[in-house]
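Contents: one structure, followed by commentary.
The values are calculated or read from the model by the stated rules, or taken from the named source; none is laboratory data. Keep in mind it's a predicted model, so treat the numbers as computed, not measured. Cβ atoms come from the backbone with ideal geometry, glycine included; neighbour counts cover every protein chain shown.
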Amino acid sequence: MKPVYDAANLIDAHLVRHALEDAGIPVFIRGEALTGGIGELPVHGMLQVCVPDTAWPVADAVVRALEFGQPPEPDGEAGWDAGLAPA
């Protein structure tokens, strides 16, 4: 198994897991059982979404297509702040 995504939290890990499983890729979340020890364990880098080594290239493409952390491109004047700008 090879990590394809370092998750910030359990919800994040499961979102990636479901996307990968929808693509037919088997998934294991490393560190999932350790989340009960938060407060006594270092939290950074604890959760990793892992896939079989042979499925890693396809899984990496799926994860990159999710575009986590990327804000949507503005589509002109109909953005979230439309009407809030001074006239």
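Taking interchain pairs and intrachain pairs at least six residues apart, which have beta carbon atoms under 8 angstrom, with the first residue in region 20-33 and farther than 15 Å from residue 62 by Cβ and the second among the basic types (Lys, Arg) and at pLDDT 95 or above?
Final answer for the pair search is 29/17.
Please name all residue pairs, on different chains or six or more residues apart, with Cβ atoms under 7 Å, provided the first residue is in region 1-14 and is within 10 Å of residue 32 (Cα to Cα) and assigned to a helix (DSSP H, G or I) and the second residue is modelled with pLDDT under 90 and polar (S, T, N, Q).
Hits for this filter: 10/35.
Looking only at region 1-19, how many residues end up being surrounded by 18 or more Cβ atoms within 10 Å (Cβ to Cβ), of a type in the set (A, V, I, L, M) and over 15 Å from residue 61 (Cβ atoms)?
2
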